[in-house]
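Asks: Here it is, the structure, as structure tokens.
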Amino acid sequence: MKTVAASARQASPLVACIKFWVVVVSTMLLILWVCAMQLATLNDKIMVPKSAFYFPYISPSQRVYKNNGYLIVTPNGGLNQKRLGICDMVVIARYLNVTLIVPKFAHGTYWNDTSTFADIFDVNHFVTSLDDEVRILKQLPPEQKRKAESEPLYYMFPMSFGSLEYYYQRILPRIQKHEILLFAQTDARLANNGLPEELQRLRCRVNYKALRFTQPIEETARKIVTILREKGPFLVIHLRYEKDVLAFTGCQEGLTKEEVVEVKEMRYSHDGWRHKPIDSKRKRERGSCPLTPEETALVLQALGIHRNTTIYIAAGEIYKKEKRIAGLVATYPNLVSKETMLKPQELEPFLKHADQMAALDYIVAVESDIFIPTFEGNMAKAVEGHRRYLGFKTTISLNRKLLVSLIDEYRNETLSWDEFSLLVKKIHEDRTGKQTRRVEIPDHPRQEDYFYSNPQECLPTLSAQTSTE
């Protein structure tokens, strides 16, 4: 017994040492396990480069995320419908953590413009200027490209004015299932309101910073602006009196019987345009028709626009141009356009590309001292919002419903000129693009103010006011 006890006493230091190291090793293993679990949890949220474990690693400035798939979009419509749709697609890609492929424009439109994204916008700037928010690639990676070429792409038309909840619950699972998703349309597919301020600000960042026009477009438009500035302050009229606008809307004010037949035939010849009788008189009374050039001249005079003011016409081909703008030219002789201000060789590269021609007008309209659109539309809304963003530059949003009533009363001699002019000025006192809040109608998003016409979350004064309420 003594021998055993003595042996035990001799072994106790060794046992204690072993126990100590067992505790140390166990503790280290526990710590490593906890770290591993934390890294695994973190890896669900961000993608950590393997090199981070072997070399000193500094977190990049751009947002790194787990890629949930690839989104291909084909923006539809004219230039500004495409532009604003792209802004929404970037926000959706950012929210869903998917990779956006540089948009591929749809070419089956009325204008039949074959311009690509890179023909209009600086594609490299678009990709790199947003790399801290969303991953954008010029084309699919090789593996996904082979997949897209070997089997039909899963495509869909996202709902109009969709909420973030809709995209998270309905769209994200489809992207995760199919890996690649194609949106066949992009116009007005994201809600105007109800988005976090950071996403609303991202919309503005894309629109006013990332979507920069190509150098040839920028330089040509800046030349027009420089020439206009040399003459003094200038006004831009977005005169929507093109044949396709009249055909699409069914508006007939001022047209001859032959012209009415001509535009009606055009409407019926296009799939997707309304192939039913349209009550032009009623539409005009509701303010749903573009002002005619003759009506526009009356309104400008009533607003007090001086006869010698330089007026730039931002528009496509005016229907029956020589006849219809004769009165406008007689009233305002300093009427100009890109076609009259540039040499044929300067305009030639853009002539067969409606979107590029519209880009020239867009830049001039944004830079003008006063902007007046004669009809609603994506360009009118986009320019109004851009001018607010630049410091609430004057944009007169015409109240066409009241104007046509006043014009008819003046023409019928129910109103004198002084009465007519006074009323026109009065109804537009608060319609000059100044600080105001968007009108929200949750159940009727098409009737509420469009986000891009008044991006209030991006305007410092309103944004500061909102944060203090």
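The values are calculated or read from the model by the stated rules, or taken from the named source; none is laboratory data. These numbers come from a predicted model, not from an experiment. So basically every Cβ, Gly included, is an ideal-geometry build from the backbone, and we count neighbours across all protein chains shown. Ligands, DNA and RNA are excluded from the accessible area calculation, which covers all protein heavy atoms including side chains. Shrake-Rupley method; radii C 1.70, N 1.55, O 1.52, S 1.80 Å.
Asks: From the list Leu291, Leu235, Leu228, exactly one residue is open to solvent by less than 10 Å² (accessible area, probe 1.4 Å) and in contact with an Asp or Glu (Cβ under 7 Å, 6 or more places away or on another chain). Which is it? Let's see the steps before the verdict.
Replies: Working: Leu291 fails: in contact with an Asp or Glu (Cβ under 7 Å, 6 or more places away or on another chain); Leu228 fails: in contact with an Asp or Glu (Cβ under 7 Å, 6 or more places away or on another chain).
On inspection, the qualifying residue turns out to be Leu235.
Asks: Can you confirm whether the range 396-406 contains a residue that is over 20 Å from Leu303 (Cβ atoms) and open to solvent by 20 Å² or more (accessible area, probe 1.4 Å)? Step through it out loud before you land on a result.
Replies: Keep residues of the range 396-406 that are over 20 Å from Leu303 (Cβ atoms), which gives none.
Looking for residues that are over 20 Å from Leu303 (Cβ atoms) and open to solvent by 20 Å² or more (accessible area, probe 1.4 Å), one finds none in the range 396-406, hence no.
Asks: Look at the range 261-280 and say how many of its residues are open to solvent by 30 Å² or more (accessible area, probe 1.4 Å) and either in contact with a Phe, Trp or Tyr (Cβ under 9 Å, 6 or more places away or on another chain) or under 15 Å from Lys243 (Cβ atoms) (or both).
Replies: Here is the first cut: in the range 261-280, the residues open to solvent by 30 Å² or more (accessible area, probe 1.4 Å) are 261-262, 264-265, 268-279.
If we keep only those that are either in contact with a Phe, Trp or Tyr (Cβ under 9 Å, 6 or more places away or on another chain) or under 15 Å from Lys243 (Cβ atoms) (or both) as well, we get 261-262, 264-265, 268-270, 273-275.
The number of residues fulfilling the criteria is 10.
Asks: Report yes if Arg284 is within 26 Å of Tyr450 (Cβ to Cβ), touching a helix residue (DSSP H, G or I) at 6+ places or on another chain (Cβ under 9 Å), outside any loop (DSSP other than H, G, I, E, B) and open to solvent by 10 Å² or more (accessible area, probe 1.4 Å), otherwise no.
Replies: Taking the combined requirement at face value, the residue satisfies it.
Asks: Let me ask something additional. Residues of the range 412-442 being open to solvent by 70 Å² or more (accessible area, probe 1.4 Å) and under 29 Å from the mean Cα position of the chain (by Cα), which ones?
Replies: Glu429, Asp430, Arg431, Lys434, Gln435, Arg437, Val439, Glu440, Pro442
Table: residues versus (1) at pLDDT below 95; (2) under 24 Å from Lys283 (Cα atoms); (3) small (Gly, Ala, Ser).
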residue: His386; (1), (2), (3): no, no, no
residue: Leu403; (1), (2), (3): no, yes, no
residue: Ile407; (1), (2), (3): no, yes, no
residue: Gln435; (1), (2), (3): yes, no, no
residue: Glu457; (1), (2), (3): no, no, no
residue: Pro460; (1), (2), (3): yes, no, no
residue: Glu469; (1), (2), (3): yes, no, no
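Asks: Return the residues of the range 92-128 that are open to solvent by 30 Å² or more (accessible area, probe 1.4 Å), within 26 Å of Glu219 (Cα to Cα) and either touching a His at 6+ places or on another chain (Cβ under 8 Å) or of a type in the set (Ser, Thr, Tyr) (or both); say none if nothing qualifies.
Replies: Once the filter is applied, which keeps residues that are open to solvent by 30 Å² or more (accessible area, probe 1.4 Å), within 26 Å of Glu219 (Cα to Cα) and either touching a His at 6+ places or on another chain (Cβ under 8 Å) or of a type in the set (Ser, Thr, Tyr) (or both), the range 92-128 yields Thr114, Thr116, Asp119, Thr128.
Asks: Assess whether Phe451 counts as being over 14 Å from Ala191 (Cα atoms) and surrounded by 11 or more Cβ atoms within 10 Å (Cβ to Cβ).
Replies: Values: over 14 Å from Ala191 (Cα atoms): no; surrounded by 11 or more Cβ atoms within 10 Å (Cβ to Cβ): yes.
Taking the combined requirement at face value, the residue does not satisfy it.
Asks: For residues that are open to solvent by 40 Å² or more (accessible area, probe 1.4 Å), farther than 19 Å from Gly77 by Cβ and polar (S, T, N, Q), tally how many sit in the range 336-386.
Replies: Taking the range 336-386 and keeping what is open to solvent by 40 Å² or more (accessible area, probe 1.4 Å), we get 339-340, 343-346, 348-349, 351-353, 367, 369-370, 376, 378, 381.
Next, from what is left, pick out any that are farther than 19 Å from Gly77 by Cβ: 339-340, 343-346, 348-349, 351, 367, 369-370.
In the following step, the residues that additionally are polar (S, T, N, Q) were identified as 340, 345.
Selection size over the range 336-386: 2.
Asks: Out of all the residues in the range 240-260, which are surrounded by fewer than 16 Cβ atoms within 10 Å (Cβ to Cβ), part of a helix (DSSP H, G or I) and of a type in the set (Val, Ile, Thr)?
Replies: Once the filter is applied, which keeps residues that are surrounded by fewer than 16 Cβ atoms within 10 Å (Cβ to Cβ), part of a helix (DSSP H, G or I) and of a type in the set (Val, Ile, Thr), the range 240-260 yields only Val260.
Asks: Okay, moving on. Can you tell me which of Pro455, Pro460, Pro373, Pro445 is closer than 18 Å to Ile313 by Cβ and not basic (Lys, Arg)? Before you say what the answer is, go through the steps one by one.
Replies: Numbers: Pro455 fails: closer than 18 Å to Ile313 by Cβ; Pro460 fails: closer than 18 Å to Ile313 by Cβ; Pro445 fails: closer than 18 Å to Ile313 by Cβ.
When all the criteria are applied, what remains is Pro373.
Asks: Let me ask something else. Return the only residue of Leu199, Leu190 being surrounded by fewer than 20 Cβ atoms within 10 Å (Cβ to Cβ), of a type in the set (A, V, I, L, M, F, W, C), in contact with a Lys or Arg (Cβ under 9 Å, 6 or more places away or on another chain) and at pLDDT 95 or above.
Replies: Just one listed residue meets the conditions, Leu199.
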